[in-house]
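Everything below concerns the one structure shown next.
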Ligand code: DHB
């Protein structure tokens, strides 16, 4: 497997398709041979941003074509590029279309024609009858009509101004065709969300299986950060192509998320957005199993098992809910602050060596006042919920904590150690850390909410710092946060991360060595429990962290490599180990290395 990191590719050809769209052609055998219609690649405009773009064509001889519409800063700047300029590419990512039946109708709106062009060409290779309905405001905006025709598709056009084809919306054209008796075994659609929602309404009524290519804000591109959440699905990993039925129990067509993760309505012409319109569809209640070998009590909280996701692997409550259903014994939110933050430009997350990643998301979060709904969604799973919070001053942290304790949370985790924000991490100022922890304790402890403090190896004396936190009122220490790093693109000699400073934090496999050592040191110094995080990929890692002194085990990078299946696998491996070695409960392992 190639590393999940942008690699530079020369622009081989550029073609202006219409006023808005240019086709970029690259040569990459590696990307082309893996690409399926509906998948996307991440396109890095060095020093500017990295954006997801659907694959418009990928051929066996390595040609990769993408359509870029100039609609934002990054795409406008890409339009200034010339043949021979270098662009970073990685992928392909996501789940593409699955073709079904002999007669397929593809409904394209605007640059949504791009992935359908690739799908249509592939479908024609297996001799299917393809009808393409392409809609645009005006004939000058039509895209890839010639390419569809050249690959043998029957193309029908609609324009809103009537400059070509049917005058009106492409969804009206679809309805007309279906009511005239034409039959299809499948519909594929890509275009503006409200258009696709209407397509789904029509095809549901007509009972035609439908696949939809959805667009959301994509940051990491590989299922780590959860920015592209749609009803608990990660569009970058679980999509972008979904069966229409999968979308029925989501907010598809109703609301989406901004870069910060804040919810915004999709419907146009709505002046006042009612709160209720931004709600999720509630999942069913989930009660976890408290397994005798794995159940754990920490800070007075009963955990069904001692695993959890690490902070940062999910903004959305629905995604946290999915971790719990997969088997996590607790869930941890993205770090939430007082104010909404959209985070840094991409690249924000990539792989630097196998299973080790660097991230610099930039603390994107909707702000604590907007976070209630996420917590309520997560709480449909009855596992302990840890709210990760941050703030740069006592005042800010006090305000965050005052709002946080009104939510149905089980624990706070104060993130003292994000290694790359524009303000210094609080862990570099032990006096400030002490004041903040006292402040938060005064607010949270009367409500029975314990506080963990998350520290990193980026300070000289983590155990001394942890002791300071304990004395100030911390109930647990979470260790370790990511290790400061600054990866450089060698040919361009610029940082790869979009963070203006180029700094990020390294997570994953390589973190476990240092993490286990620090947990060992913490256990020697502290009376409070330790929550381990850093490079946990196997039961062996959990056991080593436990022997060194940790009681709860958070997992981040392994979720990128393995996905939700990580939780059931690790639980089984742990139980096998405990039974084989005569332990009655995982708690008996905790701190064993210190009793030898
Ligand atoms: C982010 C990264 C971290 O390592 C962390 O502890 C908190 C936040 C981020 O970039 O958002």
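Among the residues of region 344-362, which ones are surrounded by fewer than 22 Cβ atoms within 10 Å (Cβ to Cβ) and either in a strand (DSSP E or B) or within 7 Å of the ligand (Cβ to nearest atom) (or both)?
351, 352, 353, 356 - these are the residues of region 344-362 that are surrounded by fewer than 22 Cβ atoms within 10 Å (Cβ to Cβ) and either in a strand (DSSP E or B) or within 7 Å of the ligand (Cβ to nearest atom) (or both).
Report, by residue number, each residue of region 363-378 that is within 14 Å of the ligand (Cβ to nearest atom) and free of Cβ contacts under 8 Å to residues at least 60 places away in the same chain.
Matches in region 363-378: 363 only.
Of all residues in region 477-515, which are more than 16 Å from the ligand (Cβ to nearest atom), farther than 21 Å from residue 361 by Cα and in contact with a strand residue (DSSP E or B) (Cβ under 9 Å, 6 or more places away or on another chain)?
491, 492
Exactly one of these conditions fails for residue 426: (1) under 16 Å from residue 477 (Cα atoms); (2) within 16 Å of the ligand (Cβ to nearest atom); (3) touching a strand residue (DSSP E or B) at 6+ places or on another chain (Cβ under 7 Å). Give me its number.
Single failed check for residue 426: (3).
Anything in region 278-311 that is free of Cβ contacts under 8 Å to residues at least 60 places away in the same chain and either on the phi > 0 side of the Ramachandran plot or within 23 Å of the chain's Cα centre (by Cα) (or both)? List them, or say none.
Scanning region 278-311 gives a single hit, 281.
Determine which single condition residue 68 fails, assuming it passes every other condition in (1) without any contact (Cβ under 8 Å) to a residue 60 or more places away in the chain; (2) closer than 26 Å to residue 237 by Cα; (3) surrounded by fewer than 22 Cβ atoms within 10 Å (Cβ to Cβ).
(3)
Sort out which residues of region 379-398 are over 24 Å from residue 307 (Cα atoms) and within 16 Å of the ligand (Cβ to nearest atom), and write them in order of number.
Result: 391, 392, 396, 397.
Does residue 440 satisfy being touching a helix residue (DSSP H, G or I) at 6+ places or on another chain (Cβ under 6 Å), closer than 24 Å to residue 301 by Cβ and buried (at least 20 other Cβ atoms within 10 Å of the Cβ)?
So residue 440 passes the test.
Within the group 84, 152, which residue is touching a residue at least 40 places away in the same chain (Cβ under 8 Å) and either outside any helix (DSSP H, G or I) or buried (at least 21 other Cβ atoms within 10 Å of the Cβ) (or both)?
None of the others qualify; the one that does is 84.
Hey, which of the helices (runs of 4 or more DSSP H) in region 529-583, taking only ones fully inside, have at least 3 residues that are buried (at least 24 other Cβ atoms within 10 Å of the Cβ) and touching a residue at least 24 places away in the same chain (Cβ under 8 Å)?
Hits in region 529-583: 539-548, 566-580.
Return yes when residue 442 is modelled with pLDDT under 95 and either in a helix (DSSP H, G or I) or within 16 Å of the ligand (Cβ to nearest atom) (or both) and no when it is not. Working first, answer last.
Values: modelled with pLDDT under 95: no; either in a helix (DSSP H, G or I) or within 16 Å of the ligand (Cβ to nearest atom) (or both): yes.
Answer is no for this residue.
The values are calculated or read from the model by the stated rules, or taken from the named source; none is laboratory data. Bear in mind the structure is a predicted one, so any value in this text is a computation, not a measurement. Using ideal geometry, Cβ is built from the backbone for each residue, glycine included, and neighbour counts are taken over all protein chains shown.
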